[in-house]
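Q: Right, I'll just put the structure down here and ask away after.
Bear in mind that the values in this text are calculations on the coordinates, not laboratory data. Given the structure is predicted, the values throughout are model-derived calculations rather than measurements. Heads up, the Cβs are rebuilt from the backbone with ideal geometry, glycines too, and the neighbour counts pull from every protein chain shown.
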Amino acid sequence: MFNNPARNDWMLLAGFSAVILCLPILLEPIGAAYPALMQKFCIFGIFAIGFNILFGLTGYLSFGHAAFLGVGSYAAVWSFKLFTMNAIPAIVMAVFFAAAFAVVVGYVCLRRSGIYFSILTLAFAQMCYNLAYSVLTPLTNGETGLQLTLNDPRVVDGLFFEPSAGLPRVDLFGLPISGGGYAGFYLCAITLIVCFYIAMRIFRSPFGMMLRAIKSNQNRMRYTGFNTRPYLLAAFVISGMYAGLAGGLMAATDPLVGAERMQWTASGEVVLMTILGGVGTLVGPVLGAAVIKYFENIFSSFDDHALHGVLGFLPNSIENPIVSFLSLFVGDGWNLTLGVVFMLIVIFLPGGIMEGLRRIWNLFNRRPGNRDAMPVAQTQPAE
Amino acid sequence: MKFEPMNRRLFLKTSAIAGVGLAAPMHFIRNAYADDMSCNVPTGDTVTFGWNVPLTGAYADEGKDELKAFQLAVKHLNGEGDGGLISVLKPTALKGNGILGKKVAYVHGDSQTKSDAARDGAKRMIERDGAIMISGGSSSGVAVAVQGLCQELGVIFMAGLTHSNDTTGKDKKRYGFRHFFNAYQSGVALAPVIGEAYGKDRRAYHLTADYTWGWTQEESIKNATEALGWQTVAAVRTPLGAADFSQYITPVLNSGADVLILNHYGKDMVNSLTQSVQFGLRDKQVNGKNFEIVVPLFSELMAQGAGDAVKGIYGTSNWDWKLEDDATKAFTKSFGAEYSTPPSQAAHTCYVQALLYADACERAGTFYAPEVIKALEGFEFDGMGNGKTLYRAEDHQCMKSCLVVQGKEDPKDKFDLMQVVKVVPREETTYDAAMFGGELGPSDPKQC
């Protein structure tokens, strides 16, 4: 199976899996090797991969993807509350409800394309957010968020064993998923690898080719006799299922869900992740997700204290101005740094981090006659 | 790439990869610790606290002040600075040389006034930085979320600014402790004062921040004022962090209400109060009476934000730097010396929480969480600015006096915006611990 053109894909999958499974070692030097953050890397990686199946392949920019994430999370937490603390049924429920919801939203929104589609999805997501925030309070517990409580029924668990004192943890047949520890991370990591594999298959399949064709010229597709709507809807639902899966995992590793998970900023975040990493690439969205989550969690915790520690070797007269300048960009200024990084990447590397990596790669591997491999930033019309 | 049919070689390869993948996590699950260890008990010569405060969002001002107070508390615990309240706390086991001989270090994070971000931050502090105690929070929604997490991970949570009844009521946890007062106590303290000022025959209109704190405060104030004989015309929920309240204020004018009760805090309260005043509500006459505005939970920081709008407005406060006791003077002095502003009530409660936790560790003689919890439960102390105070064992809520305050008509400077109208004694604000339901849960140690 290694002697066909798909060999590179297998290499990619193997490399990707190795990197993901070794994250606890690889991330140690940059201070991100703790389960909670690595779980977030994987979960948002899944979210971004799913988003990229829609945006990267069909060019349909959904601005409401966080709604599916939220629906998945709520479904999973309700599964914990009503049935069992096992993670599998919760994740299945999360994916199922997200898919069902995506069918409804997709059916309505995909009647339009371009900016209208974006606005429609945004409106849907904002509607969901407001519903979760106030109208559906009995179902979502509003702004406070849906939590597990001691007097939840948990009917399936109740059949098999006596409830222990205190809240139970989410488990996977005895392995504790929530409450810290590496088991939760490895569940997310393996799910991410599976999702990556599925995405790869979709990218390389005739179905993926159809989606690309829709992106390059939908009208021509129609003239040749294809009905594009089912393809689009399928892509939208798959992408929604990925988001639901991410939401389910998020609830499994930390069984609490608040409405802010569905806010438009959360939807915008996944767009940023995908663009930052590289639209339409396989690995890019995962990289983008990791970069953004790293900024959010690690950069926001730096302060003057830490800066003084790093720059302590400089004489005071130089150190102090530098620290006071840099402190604008760390701590609560992490958003500013992210904005600057994002701008630089969009301006100089329109293909995202992946384009940067490819350029570096080509710099060292330039062979004569291989000029075609140089990536050219492909400008996409805004449709 | 084609979908290859499954053959024996492919099956073997796939299952080998899957096997390695599944076995890898076992390598990383840490060995169980000895029996007397709870999560993150320090083994080196430092002990790490985690400050999880909002530096962005609707409660950012309070969060920044809280962080200052925490940093000051760490200084004092390590024996630097003037020692602050350590010398005034009675009884005290603190020696001003760290805790149990270990230096205190701290880490902090931005909770963004969002549950998810706050839980992420707390997890970072616990899992990566080895924090043994988490404190902070300027929103009850966030406090409840982080408290739940701390219970799950077995790390003590010393709640900062959180005023909802749920924090030590419906959602109370064995690992969570609150020094700040709550909405019920606000209602009990405030009702007699506004009843006297505005009369027994009033019609109230509530605007309420739409989350756990707003709901419980609305309920508590409603109950307290209705007991006075007031009527409640309507209670409208507003989203947290809304910048523009005009759409909510306009209906108030035509509702026939003559008192507006703003269950808002932080920037929300600054905006809603300023806009209500700009709409001319306070110059109105309704039902033959002057239209009044009440802000049940009030703070100096918000008064600074709202400027002239706060003049004459009644509210309650956990603590105020203008009180006359020794503890208040000592704290205001050392906070002022460090940051050249007087401390807010948020800063005060966070500082006190840090000291109380440290003191409990000293008294327990260990950092082992179940023992520290025992040391805090039922602890009676004095000299923290609120008179004699009890950390009630049944719900982990502090029983102490609280204040009714009013916006000053002619402030001297921007720190002198509120005057204390009445100090409501502990006897009056004490309530039945079982009133709000909820269950503390077990205190068994967790390995993390």
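Q: Using amide H atoms built 1.01 Å from N in the peptide plane, name the residues 5+ places from B:Thr48, or on other chains, whose amide H lies under 5 Å from its own.
A: B:Ala105, B:Ile132
Q: If you put +1 on each Lys and Arg Cβ and -1 on each Asp and Glu Cβ, how big is the dipole of the stretch A:35-262 around its Cα centre, in Debye rounded to 20?
A: 1200
Q: Let me ask you something else. Among B:Val233, B:Ser272, B:Val310, pick out the residue whose Cα is farthest towards the positive end of the charge dipole of the stretch B:184-317, where Lys and Arg carry +1 and Asp and Glu carry -1 on C-beta, about the Cα centre.
A: Result: B:Val233, furthest along the dipole toward the positive end.
Q: Non-local amide H neighbours of B:Arg237 (under 5 Å, H modeled in plane, Pro and chain starts lacking H): which ones?
A: Distant-sequence amide H within range of B:Arg237: B:Thr208.
Q: Tell me, what HN-Hα J-couplings in whole Hz come from the Karplus equation 6.51 cos²θ - 1.76 cosθ + 1.60 at θ = phi - 60° for each residue of the stretch A:250-265, using x for Gly and Pro?
A: Each residue of the stretch A:250-265 in turn: 4, 5, 5, 7, 7, x, 8, 9, x, 5, 5, 4, 9, 5, 5, 5 Hz.
Q: Show me the ranking of peptides A:122-128, A:77-83, B:441-447 by mean Cβ neighbours inside 10 Å, starting with the highest.
A: A:77-83, A:122-128, B:441-447
Q: Now, a different point. Take the cross-link list B:Lys103/B:Lys170; A:Lys40/B:Lys75; B:Lys75/B:Lys388 and give me the ones stretching past 30 Å between alpha-carbons.
A: From B:Lys103/B:Lys170; A:Lys40/B:Lys75; B:Lys75/B:Lys388, over 30 Å: B:Lys103/B:Lys170; A:Lys40/B:Lys75.
Q: So, with +1 on the Cβ of K and R and -1 on the Cβ of D and E, and no other charges, what is the size of the charge dipole of chain B about its Cα centre, to the nearest 20 debye?
A: For chain B, the charge dipole is close to 1140 debye.
Q: Just to check, using Stokes-Einstein with a Kirkwood Rh over alpha carbon pairs, what's the diffusion coefficient of the stretch B:184-317 at 25 °C and 0.890 mPa s in µm²/s?
A: After rounding, the answer is 170 µm²/s.
Q: Could I ask something else about it? Take every residue in peptide A:249-256, count the Cβ atoms of other chains within 10 Å of its Cβ, and give the average of those counts.
A: Taking all residues of A:249-256 together, the mean is 3.
Q: Between A:Leu148, A:Leu69, A:Leu363, where does the largest GNM mean-square fluctuation fall for chain A, given springs only between Cα atoms within less than 10 Å?
A: The residue that fluctuates most here is A:Leu363.
Q: Rounded to the nearest 20 Debye, what is the dipole magnitude of the stretch B:242-300 about its Cα centre when Lys and Arg each give +1 and Asp and Glu each give -1 at the C-beta?
A: In total the dipole reaches around 100 debye.
Q: Under 1.5 on a/c is rounded, so check that first for the stretch A:1-112, then, if it is not, pick prolate when a/b is larger than b/c and oblate when it is not; a ≥ b ≥ c are the square roots of the alpha carbon gyration tensor eigenvalues.
A: Taking the square roots of the gyration eigenvalues as a ≥ b ≥ c, the stretch A:1-112 is oblate.
Q: Shape verdict for the protein assembly as shown, please, from the Cα gyration tensor: rounded (a/c under 1.5), prolate (a/b greater than b/c) or oblate.
A: It comes out prolate by the Cα gyration axes.
Q: Send over the semi-axes of the stretch B:88-139's equivalent ellipsoid, whole angstrom and largest first, taken as the square roots of 5 times the C-alpha gyration tensor eigenvalues.
A: After scaling each eigenvalue by five and taking roots: 27, 15, 7 Å.
Q: For chain A, modelled as a GNM with alpha-carbon contacts under 10 angstrom, which of A:Pro315, A:Pro350, A:Pro138 fluctuates the most?
A: Result: A:Pro315 has the largest fluctuation of those listed.
Q: Using the Cβ atoms and a cut-off under 9 Å, what net charge is assigned to the surroundings of B:Ala117, where Lys and Arg are +1 and Asp and Glu are -1? Intermediate results must be reported in sequence, preceding the final value.
A: Details: positive: B:Lys114, B:Arg119; negative: A:Glu260, A:Glu296, B:Asp110, B:Asp116, B:Asp120.
Residues close to B:Ala117 contribute a combined charge of -3.
Q: Also: Using every pair of alpha-carbon atoms in chain A, split the distances into 10 Å bins beginning at 0 and state the percent of pairs per bin, rounded to integers.
A: 5, 21, 30, 25, 13, 5, 1, 0
Q: Straight-line reach from B:Lys412: which lysines have a Cα under 29 Å away, not including same-chain ones fewer than 8 places off?
A: Leaving aside lysines fewer than 8 places away in the same chain, those within reach of B:Lys412 are B:Lys64, B:Lys68, B:Lys267, B:Lys284, B:Lys311, B:Lys322, B:Lys329, B:Lys333, B:Lys422.
Q: Also: How do the peptides B:409-422, B:314-327, B:95-108 rank, highest first, by the average count of neighbouring beta carbon atoms within 10 Å per residue?
A: On the way: B:409-422: 14.0, B:314-327: 20.9, B:95-108: 18.1.
In descending order of packing, they fall as B:314-327, B:95-108, B:409-422.
Q: Also, I was wondering about something else. Relative to the longest principal Cα axis of chain B, at what angle does helix B:140-153 sit, 0 to 90 degrees, rounded to 10?
A: 20
Q: Another question, then. Positive end of the dipole of the protein assembly as shown, charges at C-beta (+1 Lys, Arg; -1 Asp, Glu), about the Cα centre: which of A:Ile292, B:Gln217, B:Thr366 has its Cα farthest in that direction?
A: After comparing all options, I get A:Ile292.
Q: From the phi of every residue in the stretch A:46-58, what ³J(HN,Hα) in whole Hz does the Karplus formula 6.51 cos²θ - 1.76 cosθ + 1.60 yield, where θ is phi - 60° and glycine or proline is x?
A: Each residue of the stretch A:46-58 in turn: 4, 4, 5, 4, x, 4, 5, 4, 7, 6, x, 8, 9 Hz.
Q: A further question on this structure: Answer with one residue from B:Met133, A:Cys128, A:Phe101: the one whose Cα lies farthest towards the positive end of the charge dipole of the protein assembly as shown, charges on Cβ with Lys, Arg +1 and Asp, Glu -1.
A: A:Phe101
Q: Follow-up. How crowded by other chains is B:64-71, given as the mean number of beta carbons from other chains within 10 Å of each beta carbon? Please report the intermediate quantities before stating the final value.
A: Values: counts 1, 0, 0, 2, 0, 0, 0, 2.
That average works out to 1.
Q: What residue among B:Gly229, B:Gly383, B:Gly407 shows peak mean-square fluctuation when chain B is described by a Gaussian network model with Cα springs under 10 Å?
A: Comparing B:Gly229, B:Gly383, B:Gly407 in the GNM, the peak value goes to B:Gly229.
Q: Compute the normalised compactness of chain B: alpha-carbon radius of gyration over 2.2 N^0.38 Å, N being the residue count.
A: 1.08
Q: Could you work out the mean count of beta carbons from other protein chains within 10 Å of each residue's beta carbon in B:117-130?
A: Mean partner-chain Cβ count within 10 Å for B:117-130: 5.
Q: What aspartates and glutamates could a cross-link reach from A:Lys293, if we take a straight Cα to Cα line under 12 Å and drop same-chain neighbours fewer than 8 places away?
A: Partners within reach: A:Glu269, B:Asp120.
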